[in-house]
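The values are calculated or read from the model by the stated rules, or taken from the named source; none is laboratory data. Note that the structure is predicted; figures quoted are calculated from it, not measured. Positions of Cβ are generated from backbone atoms using ideal geometry, with glycine treated the same way; all protein chains shown enter the neighbour counts.
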Amino acid sequence: MTLRASAAANRRGILCMMGAMGCFVTNDALVKFASQSMPSAQLIFIRGFMSVLLVLVAAHALGATPRLREATRGWVAIRALVDAIASLLYLSSLFHLPIGNATAINLAAPLFMTMFAALFMAERVRGARWLAVGFGFLGVLLVIQPRAEGFNAWALVCLLGTLFHAARDLMTRRIHASVPSILITLATAVAVTVVSGLGSLLQGWQPFGLFELGLLSLASVFLTGGYYFIINSMRHGEMTLIAPFRYSGLLFALVLGYAVWGEVPNTLAWFGIALLIGSGLYVLVSEKRRLPEAAAAPPD
């Protein structure tokens with residue numbers, strides 16, 4: 001791959017990651033409203049079922065339905081199963097942890113992704129990327145400000161879920177490039193829906209109205225978009241460069257929190273926001289400087 005093509009792939013990966021985070025945060029906000037009157041497993045199952053239908057329509061429009069069997073094979077199926085387990089672990093821990101603590105643990109994913117890429121994918125992790133991941137995570141902690149008393153044994157369950165999420169993204173790279181991203185999206189949606197459906201049988205169902213159904217219908221659109229974008233973000237560019245931009249989800253959440261709930265960050269959180277934005281800009285500037293230097297370097 002040429003330097004120009006590599007830079008284009010990295011840009012696409014970064015934009016897809018930020019798009020995924022925006023979709024997931026919007027989905028979370030819609031689910032938060034619906035969860036006031038519905039059990040979590042029931043909510044996730046209904047939203048997932050609508051997401052599966054939406055992805056099937058998209059797959060048909062893209063001409064991918066003749067290849068549906070590929071969604072049940074190899075790395076596609078394994079990735080979907082790992083994603084479902086990760087979601088189950090994270091949601092289970094969320095019920096027993098303060099949301100700030102759970103979010104902080106979950107947003108450690110870029111750290112694990114960077115380590116996994118260096119260990120298992122032989123990606124060269126430059127100093128700028130380690131700094132971006134480290135300072136970005138510090139920014140996350142300053143914004144969320146988790147409390148020490150909120151950590152318990154469930155924090156280990158949440159950490160295990162985060163490891164599974166990082167492994168899921170690593171597995172995305174193992175899927176052959178010829179497999180359409182929409183089929184990987186379908187496999188993920190089906191796996192999460194099945195797991196939540198089993199959970200809903202244990203948790204029980206409650207009646208719901210058109211308002212909740214409307215919220216979940218809209219949430220399923222953003223959830224599907226999030227699945228699709230995050231799959232594409234992992235299929236383009238260098239994982240260690242793209243991973244830190246997962247932190248952009250926290251910035252989307254802050255904007256949405258202010259716009260919808262009137263939540264205003266405190267002074268410490270503003271320092272965290274500055275670190276998050278600064279770490280992302282630092283990566284972009286360092287990569288922009290690296291390309292001319294790499295182009296001018298003599299071949300090995």
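The table for this structure:
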read-out: Condition broken by Phe252, with the remaining ones in (1) in contact with a helix residue (DSSP H, G or I) (Cβ under 7 Å, 6 or more places away or on another chain); (2) free of Cβ contacts under 8 Å to residues at least 40 places away in the same chain satisfied; value: (2)
read-out: Qualifying residue in the range 46-66 (condition: in a helix (DSSP H, G or I), crowded, with 21+ Cβ neighbours inside 10 Å, over 20 Å from the mean Cα position of the chain (by Cα) and at negative phi); value: yes
read-out: Helices (runs of 4 or more DSSP H) wholly inside the range 182-300 containing at least 3 residues that are on the phi < 0 side of the Ramachandran plot, modelled with pLDDT under 90 and under 23 Å from the mean Cα position of the chain (by Cα); value: 239-242, 248-261, 267-296
read-out: Unmet criterion (only one of (1) modelled with pLDDT under 90; (2) touching a Ser or Thr at 6+ places or on another chain (Cβ under 7 Å)) for Ser93; value: (2)
read-out: Condition broken by Ala71, with the remaining ones in (1) touching a residue at least 60 places away in the same chain (Cβ under 8 Å); (2) more than 14 Å from Thr188 (Cα to Cα); (3) crowded, with 22+ Cβ neighbours inside 10 Å satisfied; value: (2)
read-out: Given (1) assigned to a helix (DSSP H, G or I); (2) over 26 Å from Arg173 (Cα atoms); (3) not basic (Lys, Arg), index of the condition Met38 fails; value: (1)
read-out: Selected residue (criterion: farthest from Leu241 (Cα to Cα)) from residues of the range 76-123 that are more than 16 Å from the chain's Cα centre (by Cα) and free of Cβ contacts under 8 Å to residues at least 40 places away in the same chain; value: Ile99
